[in-house]
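A.B. asks: Structure in structure tokens, see below.
The values are calculated or read from the model by the stated rules, or taken from the named source; none is laboratory data. Values in this document were obtained by computation on a predicted structure and should not be read as measured data. Glycine gets a Cβ as well: all are built from the backbone with ideal geometry, and neighbour counts include every protein chain shown.
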Amino acid sequence: MKKLLSLGFVWLLACASASADVITNGLSIEGARKAMEAAGYKQTGLDVLPSNPNRSLQFWSVGQGVFTIAYSKDSKAITSLGFMLSDERPKAFRKTFDLDVTSFDTRTGLMTIRAAKGEQKKECRERGGEITMGVGIRQ
């Protein structure tokens, strides 16, 4: 079973690298940037520094949130993906959600997020702790 899952993951990375419609870890930042621009998403800036000095960040407006791509400065390969959502209250009272993303399909706007173990409902656990949601509403 583990070999089958590993093979499926390698296949997903190969397909993502070829088409660049689906952004995942391991894809080049240039491929991701081109896919985001081709799908009509706009890059945005946030005052956030990476926790690792060997990494760099790019931010993209996606729907009501910000899609975050962290990548290696040396290899230019994506190391992690995230999605930040916050409400419109003043900063002192604002609630912000920082979600761990496993993939984002720029063509369909579907994003797969990984739920924290303590937050998983039964349906989420049955799917390996991942939830797919549509967030890619282009503005």
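A.B. asks: Working only within the range 74-105, note down all residues that are over 17 Å from Ser61 (Cα atoms) and of a type in the set (Asp, Glu).
C.D. replies: The one that is over 17 Å from Ser61 (Cα atoms) and of a type in the set (Asp, Glu): Asp74.
Yes or no, residue by residue, for (1) modelled with pLDDT of 85 or more; (2) touching a Leu at 6+ places or on another chain (Cβ under 9 Å); (3) closer than 13 Å to Ile23 by Cα:
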{"position": "Met36", "(1), (2), (3)": "yes, no, yes"}
{"position": "Arg55", "(1), (2), (3)": "yes, no, no"}
{"position": "Met84", "(1), (2), (3)": "yes, yes, no"}
{"position": "Leu110", "(1), (2), (3)": "yes, no, yes"}
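Let's see how each residue does on (1) buried (at least 18 other Cβ atoms within 10 Å of the Cβ); (2) closer than 23 Å to Thr106 by Cα; (3) modelled with pLDDT of 95 or more:
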position: Gly40; (1), (2), (3): no, yes, no
position: Leu46; (1), (2), (3): no, yes, no
position: Leu49; (1), (2), (3): no, no, no
position: Val62; (1), (2), (3): yes, yes, no
position: Val66; (1), (2), (3): yes, yes, no
position: Ala77; (1), (2), (3): no, yes, yes
position: Pro90; (1), (2), (3): no, no, no
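A.B. asks: Which strands (runs of 3 or more DSSP E) does the range 28-111 wholly contain that include 1 or more residues that are aliphatic (A, V, I, L, M) and either touching a Pro at 6+ places or on another chain (Cβ under 8 Å) or touching a residue at least 60 places away in the same chain (Cβ under 8 Å) (or both)?
C.D. replies: 55-62, 65-72
A.B. asks: Please specify each residue of the range 14-27 satisfying the condition of being part of a helix (DSSP H, G or I) and either at pLDDT 95 or above or in contact with a strand residue (DSSP E or B) (Cβ under 6 Å, 6 or more places away or on another chain) (or both).
C.D. replies: Ala16
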